[in-house]
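The values are calculated or read from the model by the stated rules, or taken from the named source; none is laboratory data. The structure presented is a predicted model; accordingly, all values stated were derived computationally and were not measured. With ideal geometry, Cβ positions are generated from the backbone for all residues, glycine too; neighbour counts draw on all protein chains shown. Quick note on the areas: whole protein, heavy atoms, side chains included, nothing else; ligands and nucleic acids left out. Shrake-Rupley method; radii C 1.70, N 1.55, O 1.52, S 1.80 Å.
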Amino acid sequence: MNTADRHLRFGWWALFVSLTLGVVLETLHGFKLGWYLDAGQEMRRLMLTLAHAHGTLLALVNIAAGLTLRAVKGFELTRGASGALLGGAVLLPAGFLLGGLVINGGDPGLGILLAPVGALLLLYGVGRAAWDLAKVK
Amino acid sequence: MLAAVPATPPTNQAQGTGRFLASWTGRLGLLAIAWGLAMTGVSVLSADRRNQPPDNRPVQALDKGYVSSDTCRSCHPGNYASWHASFHRTMTQVASPASIAAPMDGLELTYDGADYRVERRGRSHVVTRKPQGAPASAYGAPREIVLLTGSHTLQIYWQETGEGRTLEQFPFAYLVAEKKWAPVQQTFLLPPDAGQFYAPGEWNGACMDCHVTQGRSRFVAGSRFDSQVSEFGISCEACHGEGREHIARNRNPLRRFALHLGGGPDPTIVNPARLAGPQSALVCGQCHSIWAFNGMADKIEWNQRGGKFRPGDKEPGLRWVVQPGGADHPQQREMLRQSNPHFLGDRFWGDGMVRVTGRELNGTTASPCYRGGQFSCLSCHEMHPAATDGPALAAWKTSDQLAPGRESDQACLQCHERLKAGIPAHTHHAAGSAGSSCYNCHMPHTTYGLLRAIRSHQVSSPTVRESAEHGRPNACNLCHLDQPLAWTADKLAGWYGQKAPELSADDRELSAGALWLVKGDAAQRALVVWSMGWAPAQQAAGRDWLYPYLVFALDDPYAAVRFMAGKSLQTLPGFADLAYDYTADDARRKEAMAAAYQKWRRELRPPGATFRAQTILDPAGQFRPEVFARLLRQRNNRRVFLAE
C-alpha cells in the first residue's frame, strides 16, 4: 500500500469513528444524560466535544493529504511526516476522549496527556508536508 | 539615478486612490469605516459609564485575597452550580427585574398613614411616598430600590436614602409563596406596636454582617455609610476562605494532578468537610449563631475592615458565641445584660435552648452528639450535592439541603447503630410512624422563624419539665396536642423512668396544646398554631377540635400568629380556599373570624360530634366559657420579640 492510499484509508475510517462519536454525543444530548450534561460535567462535555471535532477534522486532513499525494506530481511525504500525520490524528482526539471519560471537577483526566503529544506530531507532519510541497516544481 | 526615478507611478497611484474614493464604492466604504469607528467609540464610552460603580448603594469591591465566585466557576463547575442554585447565593442580591420576585411596576400600597407607589424605570424600580389620601402631586422624590434580601420565603427590599451607600427598608415585604405584600414588621414575631422594623442604615450597620461575603459597612459620619462587600450573598469564599492564593498555586497543572491523584487536602483552601466537627460547624456558625462583638473596638474593626474569622479558625474572630448559662466572657455578658436586658429572653428558652431560627450553631454545640468531636452541620446537610441537574438541585434546596438519606432516621442511625434493630421498642410507637421518627422526638419544632415553626437543632430528649418550668412545648405534646402534660408525664415515666414534675391542676387536666394557645405567650402560641396545621399532629390529636382554636387565633394580636393560624386552618377540610388577610384591620379580621366560625359550626362540624372536656370545649364544640375566660385572663402578655 502506498502512502497516499494509507492516508486515504486511514482518513475515511477515522472519519467514520469520529462521526460515530458525534452520534453518541447527540444521543447523550437526546436522552439528557446527567453524566454528560449536568452543570458539574462541563469539563467532560468540553473534552468529548473536542475529541469529536478534532477527530473529524484530522480525518479530513489525512484524506486531503492522500488526495494531494495523488494529485501533485513529484510530491511525496517523508515516512516521518506521514507517521506524524497519522499518529497525531489518533493521539490528539484520543487524548481528549480519555481525558473526558474521567474528570476531576474542572480538570480532565490523565488521558489528556496524549493530546499535547498528538499536537506536536501534527505540527511536525503538517509543517513538513507544507515544506515539501513548496519544493515541488 | 535621479532621472531614472519614475515620476508617473505615484501620480497614477494618487489618481487611482482619488478615483476610488470618488467612486460610490469608495464613498460607501469610507462611510462604513466612519460608522464603525463611531459605534466603537460609543460602545467604549457606554461600557465605561456602565462600569462605574453606583453611588447610591453598597458595591462589590474584593477584599484582599478574595476573588469572587465567578473565578471559582471555571475549575469547580459542579460546586458552582449547586451554590448558584442555593438560597445562600440569593441571600442578598442587587435589585433587578430578574432578582425581584414580586410584580412591582404600578404597585400601590398604604400603611401607617402613608401611600407608596412603585414604578419601573428601565431596569430599576423606584418608590415614591406621600401622606395617606394626599393628592398625587404630593408624591415625594423617587427612591430607587437597590438591593433585596431573600428569594423563596420572604423578599425584603432596600432603597437608597440619598445618604451615600446607606440603605433603608421599603416598608413592605413580599411573601413569595402567598404572592402577598405585608408590612415588614408583620413578617416577624413582634409586638403589634413595634413600629418600623429596620431603621435607616440598619442594613449597613447590622444585616450586612452576615448577609454578604466579607462585608465592610465603613461608617463615614452622621447616617452615612460607604459600604463594600466582596460579594453579595453568601458565596464560595465565605465557607472556603479567600481564593487568591489557591488560584495562583493551582495554575500549575502538575500541582493539581498531584492533588487529584494523592487525594489529600489542598492547604491553600479550606474544605469544611475535612475539618474536625467544631471547626466545621463554626464555618456555618460564623453566621448561624447568636453572637456578639467582643467589644466596641472589635465592632469598629469589623465594620471598617471586615470580619477576621476565616474557615478553619477555632474562634469566631472579633466576636463570641453567646450561650446562656456559660461562664465564659463575663465582661461581655455583663455588657449585654446592661445594653439589652431582653437579649437572652428574645433568643433562648428558659432552659437555654435557642428559640429563633438561623442560629443553629447554638443548638448544635449544646447537643450531646457534639461532644464526640465529629458532629457538625455536615453530619446531616451537604452544600454541594453530587447531582447537579436542575430537578436534583431543586429537590435538594427545598429539602433543607440535606445529604442523601439524612431526611430519614438514617441521619441519627449513622452513629446510633444499636438502635437500628429495635426502633419501636425505643420509641413505643409503630415502626415508620411519625411518633417513631428520630427527628420528631429529638428535634421537635420548637424554633421559630420565617413565619413558621422550625426544628430545634439542639438534639434533646423530650421532658415534661421543659414545658412545666420553661414553657417550651415538648415534642410529645407538639404531636399529642390534645393531651394534658400529666398524660405525657405518665408515658415518659412508664417508658423511660423519667420523674414526673409537680404539675398544676390545669396541666393535669387540660390539653397542653389548648393551654399554650389560650394562655401562652406569643412564641408559644406561634409554635402551637403551626403544629395544629402539621399533619402528624392532626393525625395524633384529631382534627375536629382544632377548628375553633385556629379560628380564635385568626384574631391574635401578633401578626405572625395570625398568619400561621390562617395557614393551619387551610390544612383542615373545608378551609383549603379560606380567603383571610392576616394584615387586615381589626374589624375585617373579626369579620373573617366570625365567618369562619359560622362556616365550621354550620357546615363542617360533624353531626353528633362530641368534644372531650380536656380540650376546653363543651360537647357541642363551644369553648367552656368559665374555663376559657379564666385561662385568657391568665394569658402571658409579655412583649415577645423573637430576634431571628
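Assorted remarks:
- Filtering A:L46, A:L15, A:L21 for residues that are in contact (Cβ under 8 Å) with a residue 24 or more places away in the chain, within 14 Å of another protein chain (Cβ to nearest Cβ), within 19 Å of A:L91 (Cβ to Cβ) and within 19 Å of the chain's Cα centre (by Cα) leaves a single hit, A:L46.
- With respect to the conditions (1) modelled with pLDDT of 95 or more; (2) more than 23 Å from B:R543 (Cβ to Cβ); (3) surrounded by 14 or more Cβ atoms within 10 Å (Cβ to Cβ), B:L419 falls short on a single one, namely (1).
- When B:S339 is tested against the conditions (1) farther than 30 Å from B:A327 by Cβ; (2) of a type in the set (S, T, N, Q); (3) away from chain A (no Cβ under 14 Å), the lone failure is (1).
- Subset of the stretch B:487-515 (residues that are in a helix (DSSP H, G or I), closer than 21 Å to B:F623 by Cβ and in contact with a Leu (Cβ under 9 Å, 6 or more places away or on another chain)): B:D506, B:D507, B:R508, B:A512, B:G513, B:A514, B:L515
- Selection within the stretch B:422-453 - open to solvent by 30 Å² or more (accessible area, probe 1.4 Å) and touching a residue at least 40 places away in the same chain (Cβ under 8 Å): B:H428, B:A434, B:L450, B:R452
- Some residue of the stretch B:114-137 being open to solvent by less than 70 Å² (accessible area, probe 1.4 Å), charged (D, E, K, R) and within 28 Å of B:H381 (Cα to Cα): no
- Residues being in contact (Cβ under 8 Å) with a residue 24 or more places away in the chain, surrounded by fewer than 19 Cβ atoms within 10 Å (Cβ to Cβ) and part of a loop (DSSP other than H, G, I, E, B) - total across the stretch B:567-580: 3
- Just so you know, in the stretch B:379-407 the residues that are of a type in the set (A, V, I, L, M) and within 14 Å of another protein chain (Cβ to nearest Cβ) include one that is least open to solvent (accessible area, probe 1.4 Å), and it is B:L393.
- Qualifying residue in the stretch A:72-82 (condition: away from every other protein chain (no Cβ under 14 Å), open to solvent by less than 60 Å² (accessible area, probe 1.4 Å) and either in contact with a Cys (Cβ under 8 Å, 6 or more places away or on another chain) or of a type in the set (S, T, N, Q) (or both)): yes
- The strands (runs of 3 or more DSSP E) located wholly in the stretch B:146-233 that include 3 or more residues which are in contact (Cβ under 8 Å) with a residue 60 or more places away in the chain and closer than 25 Å to B:R305 by Cβ occupy B:212-216, B:228-232.
- Residues of the stretch B:56-70 that are within 14 Å of another protein chain (Cβ to nearest Cβ) and open to solvent by 60 Å² or more (accessible area, probe 1.4 Å): B:D70 alone.
- With respect to the stated conditions, B:R605 is farther than 18 Å from B:L481 by Cβ, open to solvent by 10 Å² or more (accessible area, probe 1.4 Å), among the basic types (K, R) and more than 31 Å from the chain's Cα centre (by Cα).
- Residue satisfying all of: in the stretch B:78-114; in contact (Cβ under 8 Å) with a residue 24 or more places away in the chain, assigned to a loop (DSSP other than H, G, I, E, B) and over 21 Å from the mean Cα position of the chain (by Cα); farthest from B:F172 (Cα to Cα) among these: B:P97
- Any hit, the stretch B:440-452, residues being at pLDDT 95 or above and farther than 30 Å from B:W545 by Cβ: no
- So B:G533, is it surrounded by 21 or more Cβ atoms within 10 Å (Cβ to Cβ), without any contact (Cβ under 8 Å) to a residue 60 or more places away in the chain and assigned to a helix (DSSP H, G or I): no
- Among the residues of the stretch A:1-32, the one identified as within 23 Å of A:T68 (Cα to Cα), among the charged types (D, E, K, R) and surrounded by fewer than 14 Cβ atoms within 10 Å (Cβ to Cβ) is A:D5.
- Residue list for the stretch A:92-120, filter: surrounded by fewer than 21 Cβ atoms within 10 Å (Cβ to Cβ) and either more than 14 Å from chain B (Cβ to nearest Cβ) or of a type in the set (A, V, I, L, M) (or both): A:A94, A:L98, A:L101, A:V102, A:L110, A:L113, A:L114, A:V117, A:A119, A:L120
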